[in-house]
Amino acid sequence: MPIYKYNARDESGAQHRGELEAANRKLALSRLASQRLRPISVSEAGGDSGSESKGSSVSSLFSKTRSKQAGTLDSRVTLPFLTALKELLACGVQAGDSLQLMSSRLNDPSQKRLATELWDDVRQGRSLSEACRKQTRVFDESMVSLIEAGEATGNLNNVLGRLVANLEETKAIKSKLSAAMAYPAFLMVVAMGLVLMFLFFLLPKIEGLLTSLGGNLPWSTKLLIGLADWALAYGWLAVLAAVFGVVATISWRKTKAGRVRFDELILGLPLLGSFLRDVQVLRLTQVLSLLLENGITMVQSLHMSERALSNYAMRQRFVEARGKVTEGSSLSGSFKATGYFDGMALDIFTVGENTGNVVPGLKQLSRQYSERVDKAIKSFIGVTSIGVLLFVFVFVGLVALGIISAVFQLSGSLSG
């Protein structure tokens, strides 16, 4: 009869590990339930364990492949789902029971489907981390590893709390970036709307009136009329060229070399490049400190935190640095070679390596980069707003000059 290894908790939350004989996995789960034990993981030991392990490895490999194909995670599902799960665990509800409750009470269809699928896996004896590993659109490798570490240490609620706080801070940064771009974009849209109205509706009427009266148009009005005529005659070519350029850039960026090169160019932009680099470093330090704090080894943490870098140029340098650390090089020396960390960050890494604990230094870096990003966002809003207002003032001023000059010319023609 097969022997099954199990990891379970009793009603008080104490963890139990052991082995039991059962004809199949379902009977093994039934025996654990009769002992009032809630299974965290159940796997066959001995002769057939290899096949199950292989199946698990294949499943893990398939999940990683799907994760690469899936692209970005669906944060609209991840954050609210983990928040709800954390709140139930904080109330003393076990993970399996929490998923069962969520599968019946959540209103959002995506979250409800996720809870149902996770509950189906957990009640079959899989651990929460094993169930989450299959949901590659919602949980990445670092999240799954943190959940696994939380299960192993009995500290799942605290781990989820840190993970939720991390996701909320990332969401807040994205919201600030969106808000920073909204006001300048609104000004540009309004300004362009006014300019188009002047060029294509008001100015042609003034031109026709002046021409019928035999008046001469001032140079500013002639310039505006020339721009309007050019836009009407060749504007479609400009739009077509712009669309072609955007499509070509997107297609080029989908290639590996194009993606890295494009992100390098973005990092080289004045003001914006340094700001985006700070955002990437902030996300990296947050994820890395969270992984290390929960018992994940340095090499594993570096590998898992790779996806925190959405800029592929920085990710490529980071992978190179990770390889050096794996080969035995120092963390500070390897990160220095990337060129993306300033002296302060490298000094903190050095101190952490000397003391044998990098986590406090990473947390300090996260706080400092968070403050730096907040200040940069405020500065960015101020600079872009002034720049857009200046552009609007000059552009609208030129249009107004042309119209006023035409009106004065019209008045002169009528009085003459």
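Quick notes on this one:
- Beta carbons closer than 9 Å, at least 6 apart along the sequence or on distinct chains, pair a first residue in region 124-153 that is at pLDDT below 80 with a second that is charged (D, E, K, R) and assigned to a helix (DSSP H, G or I) for Glu141/Lys64; Glu141/Arg133; Glu141/Glu306; Glu141/Arg307; Ser142/Glu306; Ser142/Arg307.
- Check on Phe318, surrounded by 20 or more Cβ atoms within 10 Å (Cβ to Cβ), aromatic (Phe, Trp, Tyr), outside the structural domain of Glu148 (by the TED database) and more than 27 Å from Val396 (Cβ to Cβ): yes
- Screening region 360-395 for residues that are β-branched (Val, Ile, Thr) and surrounded by 16 or more Cβ atoms within 10 Å (Cβ to Cβ) and picking the one that is modelled with the highest pLDDT gives Val373.
- Residues that are among the hydroxyl-bearing types (Ser, Thr, Tyr) and without any contact (Cβ under 8 Å) to a residue 24 or more places away in the chain do occur in region 106-117.
- The one condition in (1) part of a helix (DSSP H, G or I); (2) within 19 Å of Thr83 (Cα to Cα) that Gln135 fails to fulfil: (1)
- Applying the condition of being in contact with a Lys or Arg (Cβ under 6 Å, 6 or more places away or on another chain) and closer than 15 Å to Tyr369 by Cβ to region 281-326 and asking which residue is modelled with the lowest pLDDT yields Ala308.
- Residues satisfying the criterion are present in region 104-119 (criterion: under 20 Å from Ser30 (Cβ atoms) and either within 27 Å of the chain's Cα centre (by Cα) or not assigned by the TED database to the domain that holds Leu302 (or both)).
- In the set Leu194, Leu199, only one residue is surrounded by fewer than 17 Cβ atoms within 10 Å (Cβ to Cβ), in the same structural domain as Leu282 (by the TED database) and modelled with pLDDT under 80; that residue is Leu194.
- Region 215-246: number of residues that are surrounded by 16 or more Cβ atoms within 10 Å (Cβ to Cβ) and of a type outside the set (Gly, Ala, Ser): 6
- In region 138-161, residue farthest from Lys363 (Cα to Cα) [restricted to those that are out of contact with any strand residue (DSSP E or B) (no Cβ under 8 Å at 6 or more places or on another chain) and surrounded by fewer than 17 Cβ atoms within 10 Å (Cβ to Cβ)]: Thr153
- Only one of Ser301, Ser332 that is in contact with an Asp or Glu (Cβ under 8 Å, 6 or more places away or on another chain) and over 19 Å from Arg259 (Cβ atoms): Ser332
- Qualifying positions in region 328-349 - at pLDDT 85 or above and of a type in the set (D, E, K, R): Lys336, Asp347
- Region 250-335 holds helices (runs of 4 or more DSSP H) entirely within its bounds, and those carrying 2 or more residues that are touching a Gly at 6+ places or on another chain (Cβ under 7 Å) map to 256-267.
- Comparison of Ala345, Ala337, Ala313 shows that the only residue that is more than 21 Å from the chain's Cα centre (by Cα), surrounded by 15 or more Cβ atoms within 10 Å (Cβ to Cβ) and among the hydrophobic types (A, V, I, L, M, F, W, C) is Ala345.
- Considering (1) closer than 30 Å to Ile381 by Cα; (2) touching a helix residue (DSSP H, G or I) at 6+ places or on another chain (Cβ under 9 Å); (3) hydrophobic (A, V, I, L, M, F, W, C), the lone condition that Leu227 does not fulfil carries the number (1).
The values are calculated or read from the model by the stated rules, or taken from the named source; none is laboratory data. Since the model is a prediction, treat every value here as computed from it, not as a measurement. No Cβ is skipped: glycine too gets one built from the backbone with ideal geometry, and neighbour counts run over all protein chains shown.
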